[in-house]
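S.K.: This structure is in structure tokens; I'll ask about it shortly.
The values are calculated or read from the model by the stated rules, or taken from the named source; none is laboratory data. All values reported here derive from a predicted model rather than from experimental measurement. Here the Cβ is made from the backbone with ideal geometry for all residues, glycine too, and neighbour counts use every protein chain on show. Side chains included, ligands, DNA and RNA excluded: accessible areas come from the protein's heavy atoms. Shrake-Rupley method; radii C 1.70, N 1.55, O 1.52, S 1.80 Å.
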Amino acid sequence: GSYDQSRAVELSYFNICSTNRGVELTWTTDSEIENQGFIISRKTTGKRWSELASFTNTSALIGQGSTPRATQYSFMDARVENGVSYSYQLSDVDYSGKRTDHTRLIQEITYITPDETLRPSVFELTGLYPNPFNPSTTLSYDLSEVSDLNISIYSMKGELVWNHSQASHPAGQDYTLDWNGTDLSGSAVSSGIYLVRIQAGEQNLTRKVTLLR
């Protein structure tokens, strides 16, 4: 574009989006004249604008000075809360200290952690191996939040053969639990198909496992 002295920075693009780490701001300048850098202001509904970050304290916001070429910038606002709406405004400051607010490019977003919408179920059984088994089989499971965990093994007649429970089981991945084919008294159970019923909080699932002696 032609160098218009009244507009030191020509902004061609300004976008914001929710990410796992916060709200990411990205913008592109077509050209810059004597641009010291940018200031990002933020406000929530009903509040005043406040300065979020500036080229004086954030290296990602330092301008190119004068350049006829396009430059891409990005900034991560990690200090955001789920479900809150934020507005963002870019300003640039030239070498003489003159500040230009790009009011027509103000963007608003309601921050939602991407994970929240795709949150896995509380509980996932990642393995039951070996199956068929002899002498023991290993359950592998993940918990996405603290839950009361209860694992029961029944015969096909519906009799409880074996049980394991843990209140307030911590969240985490790759937990394992072994069943060595014995009942609650420690006696070996006979060959056959058994039902493994796992409860974590409100969720439960059942898997079949075969014991071959």
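S.K.: Would you work out the charge dipole size for the chain about its Cα centre, treating the Cβ of every Lys and Arg as +1 and the Cβ of every Asp and Glu as -1, and quote it to the nearest 20 debye?
M.R.: The calculated dipole for the chain is roughly 300 debye.
S.K.: Can I ask one more? As I understand it, the dipole of the stretch 9-94 uses +1 on the Cβ of Lys and Arg and -1 on the Cβ of Asp and Glu, about the Cα centre. Which of 52, 26, 84 lies farthest toward its positive end?
M.R.: 84
S.K.: Let me ask you something else. Provide the packing ranking of 140-150, 53-63, 163-173, i.e. peptides ordered by the mean count of other C-beta atoms within 10 Å per residue, highest first. It would help to have the intermediate numbers written out before the result.
M.R.: Values: 140-150: 17.5, 53-63: 15.2, 163-173: 12.0.
Packing order, densest peptide first, comes out as 140-150, 53-63, 163-173.
S.K.: Shifting gears a bit: Sort 157, 208, 98 by accessible area with a 1.4 Å probe, largest first.
M.R.: Largest accessible area first, the residues go 157, 208, 98.
S.K.: Would you work out what percent of the accessible area of the chain, with all protein chains in place, is carbon or sulfur (probe 1.4 Å)?
M.R.: The nonpolar share, carbon plus sulfur, comes to 46 percent.
S.K.: Subtract the Cα-Cα distance of residue 51 and residue 15 from 0.36 nm times their separation in residues, and report this length gain in nm to one decimal.
M.R.: Details: separation 36, 0.36 × 36 = 12.96 nm, distance 1.81 nm.
Gain on extension, residue 51 to residue 15, equals 11.2 nm.
S.K.: Taking the Cα of residue 98, stepping 7 Å toward and past its beta carbon, and measuring to each backbone N in the stretch 28-50: which are under 16 Å?
M.R.: Within reach of a label on residue 98: 32-37.
S.K.: Let me ask you something else. Once the dipole of the stretch 1-148 is set up with Lys and Arg at +1 and Asp and Glu at -1 on Cβ about the Cα centre, which of 12, 75, 65 lies farthest towards its positive end?
M.R.: Of 12, 75, 65, it is 65.
S.K.: What does the accessible area of residue 106 come to, in Å² to the nearest 10, when a probe of 1.4 Å is used?
M.R.: 70
S.K.: Using only the heavy atoms of the protein chains and a 1.4 Å probe, how would 45, 210 rank by accessible area, largest first? Walk me through the numbers on the way to the answer.
M.R.: Values: 45 110, 210 40 Å².
Descending accessible area places them as 45, 210.
S.K.: Sticking with this structure for a sec: Order 51, 202 by their accessible area, 1.4 angstrom probe, all chains in place, largest first.
M.R.: 202, 51
S.K.: Measuring with a 1.4 Å probe in the full set of protein chains, what accessible area per residue, in whole Å², belongs to the chain? Kindly include the intermediate steps, with their values, before the conclusion.
M.R.: Working: 11960 Å² over 213 residues.
That works out to 56 Å² per residue.
S.K.: Compute the orientation-averaged projected area for the stretch 4-61 from the convex hull of its Cα atoms and round it to one decimal in nm².
M.R.: Numbers: hull surface 21.2 nm².
If I average the Cα hull's projected area over directions, I get 5.3 nm².
S.K.: Take every Cα pair under 8 Å in the chain that's 6+ residues apart, average their separations, divide by the length, and report that relative contact order as a whole percent.
M.R.: Contact order relative to length: 15 percent.
S.K.: Taking the stretch 87-213 as the region of interest, what is the percent of Cα-Cα pairs per 5 angstrom bin, listed from the shortest bin to the one with the maximum distance?
M.R.: Histogramming the stretch 87-213 at 5 Å steps yields 2, 9, 16, 16, 12, 8, 5, 4, 4, 4, 4, 4, 4, 3, 3, 2, 1, 0 percent.
S.K.: Would you work out the charge dipole size for the stretch 119-207 about its Cα centre, treating the Cβ of every Lys and Arg as +1 and the Cβ of every Asp and Glu as -1, and quote it to the nearest 20 debye?
M.R.: On the way: 4 positive and 9 negative charges, 50 e Å.
The calculated dipole for the stretch 119-207 is roughly 240 debye.
S.K.: In sequence order, what are the phi-derived ³J(HN,Hα) couplings for the stretch 149-160 according to the Karplus relation 6.51 cos²θ - 1.76 cosθ + 1.60 with θ = phi - 60°, rounded to whole Hz, with x for glycine and proline?
M.R.: Result, ordered by residue: 9, 9, 10, 10, 10, 10, 6, 5, 7, x, 7, 6 Hz.
S.K.: Here's something else I'd like to know. Per residue of the stretch 79-88, in order, report the coupling 6.51 cos²θ - 1.76 cosθ + 1.60 (Karplus, θ = phi - 60°) as ³J(HN,Hα) in whole Hz, putting x for Gly and Pro.
M.R.: These are the phi-based 3J(HN,Hα) values: 8, 10, 10, 4, x, 9, 8, 10, 10, 10 Hz.
S.K.: Suppose R0 equals 30 Å. What FRET efficiency, 1/(1 + (r/R0)^6) with r the Cβ-Cβ distance, do residue 184 and residue 125 give to the nearest 0.05?
M.R.: 0.85
S.K.: Then there's this: Hey, what's the per residue convex hull volume over the C-alpha atoms of the stretch 141-192, in cubic angstrom?
M.R.: Values: hull volume 4.9 nm³, N = 52.
It is 94 Å³ per residue.
S.K.: Along the principal axes of its C-alpha atoms, what lengths does the stretch 1-140 span, in descending order and rounded to whole Å?
M.R.: So the three principal-axis extents are 81, 37, 25 Å.
S.K.: What Kirkwood hydrodynamic radius do you get for the stretch 28-90 when you take the inverse of the mean 1/r over all pairs of distinct Cα atoms, in Å?
M.R.: 12.9
S.K.: Only Lys, Arg, Asp and Glu count, each charged at its Cβ (+1, +1, -1, -1), so figure out the dipole size of the stretch 158-213 about its Cα centre, rounded to 20 debye.
M.R.: With Lys and Arg at +1 and Asp and Glu at -1, about 180 debye.
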